[in-house]
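Computed from the coordinates by the stated procedures, all read-outs in this text should not be read as laboratory data. Remember, predicted model here, so these are calculated numbers, not experimental data. Ideal geometry is used to build each Cβ from the backbone, glycine not excepted, and the neighbour counts take in all protein chains shown.
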Amino acid sequence: MKNFFKHLKGDAFGGITAGIVALPLALAFGVSSGLGPSAGLYGAIFIAFFAALFGGTPTQISGPTAPMTAVSMVVIAGIIATFDGDVDKALPAILTVFLLAGLFQIVLGVMGIGKYIKYIPYPVVSGFMTAIGVMILITQLLPAVGYYPNQDESYVDSFKPQAQEIVLDKILQDEAGEGLLVLENFEETIRRAKLTDDTDIYKEAVTLAKASSSGVVGTFKVMGRALQNINWIELALALATIFIIYGFKRITTVVPSTLVALLVVSGVAYVAPFEYRAIQEIPSGFPVPKLSIITDFKFSIISPYILTALSLSFLGAIDSLLTSVVADNMTKTKHKPNKELIGQGIGNTIASFFGGIPGAGATIRTVVNINSGGKTKLSGMIAGVLLLFILLALGPIASQIPAAVLAGILITVGIGVMDYKGLKAIPNLPKDLKMGPIKLSSEVIIMLVVLVLSVVWDLVAAVGIGLVLSCLMFMKKMGDFTARQSKVFDLRAAEKNKVLWSDELIFPDHLKEEVFIKHLRGPLFFGYTSDFSALTKQIPATASDVILRMGRVPYVDQSGVYAIEDTILQLNQGGINVHIVGLRKQPKYMLERIKIIPELIPETEVYDTFEECINSLNKQVKDRY
């Protein structure tokens, strides 16, 4: 406990500063998610406190982040749509998905998955982060100009015919469930249809309009209408916010420019005679647990989102551990990845019970904490407590913040979260793929595929496709590399081409037509087995023996073992003996498990050194040419 409070002064200042930085972002991410500013604030409070308390990175400040909010936004929109646009009815299912994501993170930490996150390829991460930035930037253009499609009556009216079809379909589904849907009872269908008023149809049309205009593609659909209906006051507030955020940084970085923009622009809007759209009301008082997660639980509602919850947990893990690495570099310490995942999972689980959106380790807030003196997990807990105090003391005041101000803040977040390092490297990356006359970079292709698919289709699927492409590209490269390095040759040709290994220079001259050598370099895995199997076609009729030099083969998978087995069988059928030199531990274990040694190759024909092999062949092989 003494060490816990040893750095109290630095932790207090770091936590308070990080909490202040987190406030506008938490509100903005909450609004962006679709659940309102309170959801962002609740997430920031509980994740910051409990992820710090139970996590494995002492200086990390956690809370809602751009990537987590972008994925959460998709989940929220999808579930709300299944509940006919009713947020209150959809909330238990939404929070249950977030709860699952937190529990999955705890499981990942317990299983020790944290140490494997580092193996995710950079092009996938780069494409994903840039996609997140593009999505946030584009989706905030509508609120920045003060246009809300679900409040545009002429736009909503265009969905009324479709809304009428949906209302009628619901009536038919209800009757089918009640056993009334028969020809004799069509009068009942007509009676129920007449009871449907314009309000029900309009409500359905609003839901359709909102769904149609959501996301990047939806934003582009209504961009023309938005430009024709610009609210100039809202646009001015958003532009002023952006200007202050970028401009104030040039004056000083001691005070967070985002907070300055939030206070100044909101204050001017509040005292000036402006009519602006405020954010949703933030409930006053301590957050209340949402027990409806348990009481209204229906597996059928969340079952389509289980994979999404798992993906959300992985995303949070990646986001948090990348920030942990940044913290390590700044503090010269080493985080505990699995403990960090458990802490993040506990924070997200508790936040979901109180209606908060999920989050992860936040790089900017963590850097601010460290630079302000934060040393231990107490700093993250203080940040959470500060946000709770702001909620309790200033909730009603915060409810007057203009929505356009938060849109301006999010636009700067979107611009900042893009991976400019990866984008700048595109022209300089090696072009290792050839499509006809065109040469392309496999890493650029992966990055762009993830970027485009994330923006126009699905974030989770895009990352999955990116990982598959990365694995396929890597396996092809490794297979090609092994094929280039692994050659079969006779000794006389090898001498002319100077490809002999040093210990092969003493090979007996009279056996150079009968004995052929196969150099193997690199892993023998399924990406190279087809090239290896071609070995039998490369051996001339003069050969009586083949030496497989495997001293530079660190790993053989199951496909590689069976390729070796098939090759040896074909060589033996052709009257050619096979000898192995320099077999390493893992390949030897695999060959023994499949019984290649000793059933196909006697243990006496497996040599530790090339010299031992030569001495044995001198006694066995006859000079026939």
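Annotation: average projected area of the range 348-440 is 11.2 square nanometres, based on the convex hull of Cα atoms across all directions.
Computed from Cα positions, the angle between helix 66-82 and the longest principal axis of the chain comes to roughly 70 degrees.
Binning every alpha carbon pair distance of the range 425-482 at 5 Å from zero, what are the percents per bin? All Cα pairs considered, the percentages come to 4, 19, 23, 24, 19, 10, 2, 0. Full extension of the segment from Y122 to N572, taken as 0.36 nm per residue of separation minus the current Cα-Cα distance, would add 157.4 nm. Going from the fewest other Cβ atoms within 10 Å to the most, the residues D152, D88 appear in the order D88, D152.
Binning all Cα-Cα separations of the chain at 10 Å, short to long from zero, yields these whole-percent fractions: 3, 14, 20, 18, 14, 11, 10, 7, 3, 1, 0.
Can you give the longest run of the chain that contains no GluC sites (Glu not before Pro) sitting in a DSSP loop with at most 15 other Cβ atoms inside 10 Å? List each step's numbers first, then the result.
Numbers: sites that count: E275, E281.
Of all site-free stretches, the longest is 282-625.
Using only Cα coordinates, the Kirkwood hydrodynamic radius of the range 193-295 works out to 18.1 Å. Arranged from fewest to most other beta-carbon atoms within 10 Å of their beta carbon, D84, D198 become D198, D84.
In the chain, taking the dipole from charged Cβ atoms about the Cα centre, the farthest positive-side position among L505, G14, L571 is held by L505. Projecting the Cα positions of F474, V75, V167 onto the charge dipole of the chain (unit charges on Cβ atoms of Lys, Arg, Asp and Glu, taken about the Cα centre) puts F474 furthest along the positive direction. Here the Karplus relation 6.51 cos²θ - 1.76 cosθ + 1.60, evaluated at θ = phi - 60°, turns the backbone of the range 143-152 into coupling constants of x, 5, 9, x, 10, 10, x, 6, 10, 8 Hz, with x for every Gly and Pro. Add -39500 (n - 2.57) for each DSSP H run of 4 or more in the chain, then divide by its residues: what number comes out at 222 nm, to the nearest 500 deg cm²/dmol? Computed ellipticity for the chain at 222 nm equals -20500 deg cm²/dmol.
Here each label is just a point 7 Å from Cα along the line to Cβ, and for K9 and L168 those points are 7.6 nm apart. Cβ crowding within 10 Å, taken as a proxy for footprinting-reagent exposure, orders C613, C471 from fewest neighbours to most as C471, C613. Spin-label model, Y246 to K203: label points 7 Å out along the Cα-to-beta-carbon direction sit 4.4 nm apart.
Just how large is the dipole of the chain about the Cα centre, in debye to the nearest 20, putting +1 at every Lys and Arg Cβ and -1 at every Asp and Glu Cβ? Please list the in-between numbers first.
Working: 53 positive and 51 negative charges, 540 e Å.
The calculated dipole for the chain is roughly 2600 debye.
Quick one: plug the Kirkwood hydrodynamic radius of the range 233-293 (C-alpha pairs) into Stokes-Einstein at 37 °C, 0.692 mPa s, and report D in µm²/s.
Working: Rh = 13.8 Å.
D, rounded to a whole number, is 237 µm²/s.
Amide H to amide H, with H built 1.01 Å from N, A278 comes under 5 Å of A403, counting only residues 5 or more places away or on other chains. When both bridge partners sit in the chain, DSSP labels roughly 40% of those beta bridges antiparallel. Could you point to the residue in L451, V110, G522 farthest towards the positive end of the chain's charge dipole, with +1 and -1 charges on the Cβ of Lys/Arg and Asp/Glu respectively? It is G522, whose Cα lies furthest towards the positive end. When each of the peptides 373-384, 222-233, 23-34, 431-442 is scored by how many other beta carbons lie within 10 Å of its residues on average, the order from highest to lowest is 23-34, 373-384, 222-233, 431-442.
Once both labels are positioned 7 Å from their Cα atoms along Cα-to-Cβ, the gap between S154 and F389 label points is 5.2 nm.
Inverting the pair-averaged 1/r between distinct Cα atoms of the range 1-135 gives 16.9 Å as its Kirkwood hydrodynamic radius. Applying the Karplus relation 6.51 cos²θ - 1.76 cosθ + 1.60 with θ = phi - 60° to the range 300-315 yields 3J(HN,Hα) values of 5, 6, 8, 4, x, 10, 5, 5, 5, 4, 5, 5, 4, 5, 5, 4 Hz, where x marks Gly and Pro.
Annotation for the range 1-108: trypsin sites (Lys or Arg not before Pro) lying in DSSP loop with at most 16 further Cβ atoms inside 10 Å of their Cβ are K2, K6. With a threshold of 18 Å on the Cα-Cα distance, the over-threshold entries among K339/K377; K332/K424; K89/K290; K332/K375 are K332/K424.
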